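Below: one structure, written as structure tokens.
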Amino acid sequence: MTAPSEPTPATDAVTGPATAPEPDTERPTIARRLRAGAMQNILLLGLIALGLIFQLATGVFLNPANLRGILLDSAVLLIVSIPAALLLISGYVDLSIGSVVGLGGITTAMLLTQGVPTVVAILVALLACAIIGLLNATLISVTKLSPLIVTLGTLSLAYGITRGVSSLPLSDFPSDFRMIGGGAVAGIPIPIIISAVVAIIGWIFAAKVAAGRHVYAIGSNPAASYLSGLRVRLVPMTLYIIVAIFAGFGGIISASRLGSASSGSLGVGFEITVLTALLLGGISFTGGSGSVVGVVIGVLFLGTLQNGLTLIGIPSFWQSIATGTVLILAAGLNYLNEKRRTSRR
């Protein structure tokens, strides 16, 4: 995946400048909606079947307390995956997410242990994460370096900064900070509420707002989008910064919920989990297609898989193998879906 360049409008010797092709900024056609709905329904049926299998195997999987636990465990993944999905739809990818999750959580934790007020600590941590996102955006959108190479570099950069901030586990946080990950409103855990709000806003943006359709257009055909006046640089730049901020916020919620933060574990490998959720949810790795609803189902599928395997007593290394297998299968399905989509053009 490479950053699309801004093409020079073609000129015809007789008629003058060529007319710019219109990008696909309209709402999806009925046929496209049905195809997208079919993919989501298949994934949803798979999620239901997986839940039933685990219920038969354990007898407790469908207990309300366990289902609540799945939602709570999946909250941070969903919060980070929604903006990451929009970025991938626009044709770009961010592999630095895991380290930025760690940077947000560790920076906040370090400041809190130094007596900095909770709000100030969170804002400083989010600013640090936003700077990483801005660095990604600048190197990719302006200099047109490869998103894979740049974000792999910033993954290492952010991890190094995180280790420099604190190489030791941090804990003993103030009560107002612990409320973010451990509190509840009307019996509903705050992380679940936040993840639901993020999912709803993401869905409205992608499905109902013109700027959301521009994201799809840029990912589908950046050249036509540029010729039609869309800001093919500004959109991904903005999304890179937003992804970094939400990743940092996900790390903050994780640190709050756990009551501790360690640079050796917080966010490590999280980018793989996010990518698995996106591909499983039907987001095209080449950009231009996918939905927030599919991402939500993909996140819940991973949460269900991990929870069910834990209930059965499967060792953690087998759970990692299962997650890796799901990633490979999701990549294969994504490839087949993309091949089918391009053959219909």
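The values are calculated or read from the model by the stated rules, or taken from the named source; none is laboratory data. In this text, all values refer to a predicted model and were calculated from it rather than measured experimentally. Note: ideal-geometry Cβ built from the backbone for every residue, glycine included; neighbour counts use all protein chains shown.
You will find that of ASP94, ASP73, the residue that is outside any helix (DSSP H, G or I), modelled with pLDDT of 90 or more and among the acidic types (Asp, Glu) is ASP94 and no other. Looking across region 242-257, the residues that are surrounded by 19 or more Cβ atoms within 10 Å (Cβ to Cβ) and out of contact with any Cys (no Cβ under 9 Å at 6 or more places or on another chain) come down to VAL243, GLY250, ILE252, ILE253, SER254, ALA255, SER256, ARG257.
Table: residues versus (1) farther than 27 Å from ALA217 by Cα; (2) of a type in the set (Gly, Ala, Ser); (3) surrounded by fewer than 20 Cβ atoms within 10 Å (Cβ to Cβ).
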{"position": "SER260", "(1), (2), (3)": "yes, yes, yes"}
{"position": "VAL268", "(1), (2), (3)": "yes, no, yes"}
{"position": "VAL274", "(1), (2), (3)": "no, no, no"}
{"position": "VAL295", "(1), (2), (3)": "no, no, no"}
{"position": "ALA330", "(1), (2), (3)": "no, yes, no"}
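In the set GLY187, GLY183, GLY164, only one residue is free of Cβ contacts under 8 Å to residues at least 40 places away in the same chain and on the phi > 0 side of the Ramachandran plot; that residue is GLY187.
Condition check ((1) under 29 Å from ALA65 (Cα atoms); (2) among the small types (Gly, Ala, Ser); (3) touching a helix residue (DSSP H, G or I) at 6+ places or on another chain (Cβ under 7 Å); (4) loosely packed, with under 15 Cβ neighbours inside 10 Å) across all residues:
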residue	(1), (2), (3), (4)
LEU135	no, no, yes, no
SER141	no, yes, yes, no
ILE149	no, no, no, yes
SER156	no, yes, no, yes
GLY160	no, yes, no, yes
ARG178	yes, no, yes, no
ILE193	yes, no, no, no
ALA196	yes, yes, no, no
ILE204	no, no, no, yes
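From SER225, SER256, SER263, SER320, grab the single residue that is modelled with pLDDT under 90, among the small types (Gly, Ala, Ser), outside any loop (DSSP other than H, G, I, E, B) and closer than 30 Å to SER171 by Cβ. Give the steps one after another, and end with the answer.
Numbers: SER225 fails: closer than 30 Å to SER171 by Cβ; SER256 fails: modelled with pLDDT under 90; SER263 fails: outside any loop (DSSP other than H, G, I, E, B).
Matching residue, one of SER225, SER256, SER263, SER320: SER320.
The C-beta contact set for region 43-68 (first residue of a type in the set (Val, Ile, Thr), second residue modelled with pLDDT under 95 and outside any helix (DSSP H, G or I), distance under 9 angstrom, 6+ apart or interchain) comprises ILE53/PHE61.
When you go through ILE200, ILE242, ILE193 one by one, which is the residue that is in contact (Cβ under 8 Å) with a residue 24 or more places away in the chain and assigned to a helix (DSSP H, G or I)? I'd like the intermediate steps shown before the answer.
Working: ILE200 fails: in contact (Cβ under 8 Å) with a residue 24 or more places away in the chain; ILE193 fails: in contact (Cβ under 8 Å) with a residue 24 or more places away in the chain.
Step by step, each of ILE200, ILE242, ILE193 is checked, and only ILE242 is in contact (Cβ under 8 Å) with a residue 24 or more places away in the chain and assigned to a helix (DSSP H, G or I).
Results for (1) in a loop (DSSP other than H, G, I, E, B); (2) at pLDDT below 90; (3) hydroxyl-bearing (Ser, Thr, Tyr), shown as yes or no for each residue.
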position	(1), (2), (3)
ILE252	no, no, no
ILE272	no, no, no
LEU275	no, no, no
VAL299	no, no, no
ASN307	no, no, no
TYR335	no, yes, yes
GLU338	no, yes, no
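A search for C-beta distances below 8 Å between a residue of region 108-124 that is buried (at least 20 other Cβ atoms within 10 Å of the Cβ) and any residue that is among the hydroxyl-bearing types (Ser, Thr, Tyr), counting only pairs 6+ apart in sequence or on different chains, returns ALA109/SER166; ALA109/SER171; ALA109/SER260; MET110/SER166; LEU112/THR118; ALA121/THR107; ALA121/THR108; ILE122/THR108. Just to be sure I understand, how many residues within region 52-69 are buried (at least 18 other Cβ atoms within 10 Å of the Cβ) and in a helix (DSSP H, G or I)? Residues flagged as buried (at least 18 other Cβ atoms within 10 Å of the Cβ) and in a helix (DSSP H, G or I) within region 52-69 amount to 1. Scanning region 154-192 for residues that are of a type in the set (A, V, I, L, M) and closer than 25 Å to GLU271 by Cβ yields LEU155, LEU157, ALA158, ILE161, VAL165, LEU168, LEU170, ILE180, ILE190, ILE192.
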